[in-house]
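Bear in mind these aren't lab numbers, they're just calculated from the coordinates by the rules spelled out. Here the structure is a predicted model, which is why all the values come from computation and not from measurement. For neighbour counting, all protein chains shown are included, and Cβ atoms are generated from backbone atoms with ideal geometry for every residue, glycine included.
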Amino acid sequence: MRKDISFASGGVRCAAWLYSDTSAQSGTCIIMAHGFGGTRHYGLDAYAKAYRAAGYDVLLFDYRHFGESEGEPRGLLKVSLQHEDWRAAIAHARSLGYGRIVLWGSSFAGGHVLAIAAERDDLSGVIAQVPHIGGLATALALPIAKLPRMAFAIIADAVLSLFGRRHMIKAFAPVGEFGAMSTRGAHDALVAMLPSAEWRGYFDDHNRVTALSLVEAMRYSPGRRAARIACPVLIQAGKRDQTTPFGPARKAAGQIPDCEFRAHDCDHFDVYLGTCFDAVIAEQVDFLQRRIPESRP
């Protein structure tokens, strides 16, 4: 039931998977994408399968510049371009005949789905898992010892970009190594999400972002527009989250007119694996079945 498809966004091709039984296409499509530096191969297939088992179709895509999608340079994260990709994914789902659209995002994409929902009145629901809410809050969570090397990488990327080159850094690094995310468990969790051990080479090849992507993250505060969201929203946050802090997520939830907020005693990457994954996926399916019920023949 998973098909390789693609759609155009900004003149390039975004690679995607469509989970659908074409003999009984549902009226609801859940559109999904990963967080900062992630691709659809990093654990999201498990979520999509759970939604499909509950009767919902899924469109899961890679942003341009990441994964199997087109776009040069590789690893370029720009919020404006990723927002365009979300809009293009929604348009593509509409072109396939889906009448109801639900947006699902985790971490950085959790911020994206809130930002996109704030500008639209045609969505049926949003699920934001451990979402990036405010750039300042995320920046303040960084270890102080990491800041000088981060500043050097950003300056190097800015200078090299003037000559058509880029300074790349790891998106996910083990504790003690330099990368955009090097908090406890980040690197190991991403490796554990891979489909099999044979995918470690894929991870090593794709585990990189341009250093200026860090500036994009620190400038990005989608929670400021939370009060404009008109559709039902589920926000799930980790009380021990070292990457996207708990407090801003709870505050944003309180500003959304129709929002269910769920707190979990976990860190940022725990939600993708083990018992925390079981808990968050159960809440997500329950939210969908209550707020956007889907009946299939």
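Filtering segment 117-135 down to residues that are surrounded by 24 or more Cβ atoms within 10 Å (Cβ to Cβ) and touching a Lys or Arg at 6+ places or on another chain (Cβ under 9 Å), which residue is farthest from Y63 (Cα to Cα)? Among them, the one singled out is I133.
Only one of these is closer than 22 Å to G43 by Cβ and in contact with a strand residue (DSSP E or B) (Cβ under 6 Å, 6 or more places away or on another chain): A88, A117, A171, A153. Name it. Selected residue: A171, the only one of A88, A117, A171, A153 that is closer than 22 Å to G43 by Cβ and in contact with a strand residue (DSSP E or B) (Cβ under 6 Å, 6 or more places away or on another chain). Consider segment 2-31 and keep the residues that are aliphatic (A, V, I, L, M) and out of contact with any helix residue (DSSP H, G or I) (no Cβ under 6 Å at 6 or more places or on another chain). The one that is surrounded by the fewest Cβ atoms within 10 Å (Cβ to Cβ) is A24. Residues in segment 19-37 include at least one that is in contact with a strand residue (DSSP E or B) (Cβ under 6 Å, 6 or more places away or on another chain), assigned to a loop (DSSP other than H, G, I, E, B) and at positive phi. Restricting attention to segment 156-180, the residues being within 17 Å of K78 (Cβ to Cβ), small (G, A, S) and in a loop (DSSP other than H, G, I, E, B) number 3. Here A253 fits the description: part of a helix (DSSP H, G or I), without any contact (Cβ under 8 Å) to a residue 60 or more places away in the chain and of a type in the set (G, A, S).
Within segment 208-230, the set of residues being hydrophobic (A, V, I, L, M, F, W, C) and either within 16 Å of the chain's Cα centre (by Cα) or surrounded by fewer than 23 Cβ atoms within 10 Å (Cβ to Cβ) (or both) comprises V209, L212, L214, V215, A217, M218, A227, A230.
Within segment 181-207, take every residue that is in contact (Cβ under 8 Å) with a residue 12 or more places away in the chain and outside any helix (DSSP H, G or I) and give me the one that is surrounded by the fewest Cβ atoms within 10 Å (Cβ to Cβ). Among them, the one singled out is P195.
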